[in-house]
Amino acid sequence: MFKKNKIVLKLIVCTAIIFNTNIFSQTRELGGTGEFIDGIAAIVNDGVILRSEVEQQLELIIANLEKQEGRLPPRDVIQEQVMERLIIQRVQLQRAERFGVRISDEALNATITNVAQNNQVEFKDFPKILEAEGINYKDYRKELREQLTIDQLRQRDVASRISVSESELESFMVLQKDQDALNYGYNLSHILIPISSSSSNNETAKAELLVNNLYKKISDGENFESLAVEFSKGQQALNGGNLGWMQGEQLPNIFIQAVSSIETEQISQPFKSASGFHLLRLNAIKGNDPILEDQINVRHILIKTNEVLDDSAAEEKLKTIRNQIISEGDFGAVASAVSEDSGSAQEGGDMGWTAQGFFVPEFESVANSLNENEISMPFKTRYGWHIIEFLGKRTFDNTEEIQKRKAISAIRNSKLSDEIEIWARELRDEAFVEILPFN
């Protein structure tokens, strides 16, 4: 059963506030016609914030604070905060309009559909669900569209401001590698040559000499298990030193560090801890499987249509170009000369190795239908008309590159909140704002 009020938390994107427009007439003055006339609370550039907007959000926030049963700040303090938030929101929406940032009905409906599905509600039933919560569906769509618009504007304006240095990336990946190691599963075998806090220097030296000798013997091919039974004082010595499967978080950090630089079936260098000297063999590891990508390599020539060159003419032009390449055998030179894809033309049309799913479906479908070194017939995508030469395919271990991409994304996201605040404050400082007396 759908739980009351829970939907509001799931539906509103971060800061959007939904309100009922029927309950705040006290902010409006009665005009000569008998209808309420809204007052202006603030002028923001070439727009205004209405008194009713301030009052609506003010009353909703006060109601929410009262439900939390905490100490309620003075009303004028809350009102000032509400006014400032509305000003910043209005400045951002004005900027979005100037730069043509808009959310289509299709995109808005798709977002609402996702929200409805996450709450196990059909899209057609959504307005009734909101109405039961006291939320006007039309107002909800308006608020959500505005928030999505601001989110898109932030991506446009703020993302380009965030850079990731090589040192930041390197430090993050070291920390991430350590964190990932705690989530792996390890199958280890262990030899312990014990010492204690009361061991003499001579006893410690003998233990170190023994572990080094064992390391050499195992490296020379002697059986780890037999030596573990004979010399190890670990709890699993009689089991050939096998510790079985353990999660990284269950192991001492010194163990993880010792095996982090070795492959399976290899033994670690001897190392010392408070309990003695150790040797570890990495029998197997789970959770660090390589990330394999199916990739294709193609080069292409793009011809765009315009007022002069329609679809038919573009197709015929590419047919002529294709025949020229087949007869002269130099796709790269022709691509450099005539392709209208500025990114790849300078590379002779070469798109490099790319993962499956990178290209639009119609482009990828044609590419995957070709044999190696075969040139396609002209075909159309949303970008224009193409011919493709298929250069090959491979399965590639792209683990390092994908981890690097994830690291860059994580670093950028960690900076995003601060950058958004700085950006929003800059927009606010650059705007013309006049706050009018409210009472």
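The values are calculated or read from the model by the stated rules, or taken from the named source; none is laboratory data. Worth saying up front: this structure is predicted, and the values here are computed from it rather than measured. Cβ: placed from backbone, ideal geometry, glycine included. Neighbour counts: every protein chain shown.
Set side by side, the residues GLU315, GLU293, GLU307 differ, and just one is over 30 Å from PHE224 (Cα atoms), part of a strand (DSSP E or B) and out of contact with any Gly (no Cβ under 9 Å at 6 or more places or on another chain), which is GLU293. In this entry, ILE218 passes the filter for residues that are aliphatic (A, V, I, L, M) and closer than 14 Å to SER189 by Cβ. Hey, any hits in segment 179-197 for a residue that's assigned to a helix (DSSP H, G or I) and surrounded by 16 or more Cβ atoms within 10 Å (Cβ to Cβ)? Yes, segment 179-197 contains a residue that is assigned to a helix (DSSP H, G or I) and surrounded by 16 or more Cβ atoms within 10 Å (Cβ to Cβ). Of everything in segment 356-415 that is assigned to a strand (DSSP E or B) and charged (D, E, K, R), the residue that is surrounded by the most Cβ atoms within 10 Å (Cβ to Cβ) is GLU389.
The set of residues in segment 237-265 being among the polar types (S, T, N, Q) and surrounded by fewer than 13 Cβ atoms within 10 Å (Cβ to Cβ) consists of GLN250, ASN253, SER261, THR264. When SER342 is tested against the conditions (1) among the small types (Gly, Ala, Ser); (2) surrounded by 11 or more Cβ atoms within 10 Å (Cβ to Cβ); (3) more than 30 Å from LEU86 (Cα to Cα), the lone failure is (2). Each residue in segment 121-141 was checked for being surrounded by 14 or more Cβ atoms within 10 Å (Cβ to Cβ), assigned to a helix (DSSP H, G or I) and not hydrophobic (A, V, I, L, M, F, W, C), and 5 pass. Inspect all residues belonging to segment 359-369 and state whether any of them is more than 26 Å from the chain's Cα centre (by Cα) and touching a residue at least 60 places away in the same chain (Cβ under 8 Å). Yes, segment 359-369 contains at least one residue that is more than 26 Å from the chain's Cα centre (by Cα) and touching a residue at least 60 places away in the same chain (Cβ under 8 Å).
Answer yes if at least one residue in segment 203-215 is under 21 Å from ILE256 (Cβ atoms), of a type outside the set (Gly, Ala, Ser) and modelled with pLDDT under 95, and no otherwise. Taking every residue of segment 203-215 in turn, none turns out to be under 21 Å from ILE256 (Cβ atoms), of a type outside the set (Gly, Ala, Ser) and modelled with pLDDT under 95.
The set of residues in segment 100-120 being surrounded by 12 or more Cβ atoms within 10 Å (Cβ to Cβ) and either aromatic (Phe, Trp, Tyr) or within 30 Å of ALA42 (Cα to Cα) (or both) consists of VAL101, ARG102, ILE103, LEU108. No other residue among ASP46, ASP76, ASP105, ASP125 is over 27 Å from the mean Cα position of the chain (by Cα), within 22 Å of GLN152 (Cβ to Cβ) and either without any contact (Cβ under 8 Å) to a residue 60 or more places away in the chain or in the same structural domain as ALA424 (by TED's automatic domain parsing) (or both) apart from ASP46.
The sole residue among VAL211, VAL229 that is crowded, with 19+ Cβ neighbours inside 10 Å, in the same structural domain as PHE255 (by TED's automatic domain parsing) and in a helix (DSSP H, G or I) is VAL211. Restricting ALA355, ALA335 to those that are in the same structural domain as ASP311 (by TED's automatic domain parsing), of a type outside the set (Lys, Arg) and under 19 Å from ALA314 (Cβ atoms) reduces the list to ALA335.
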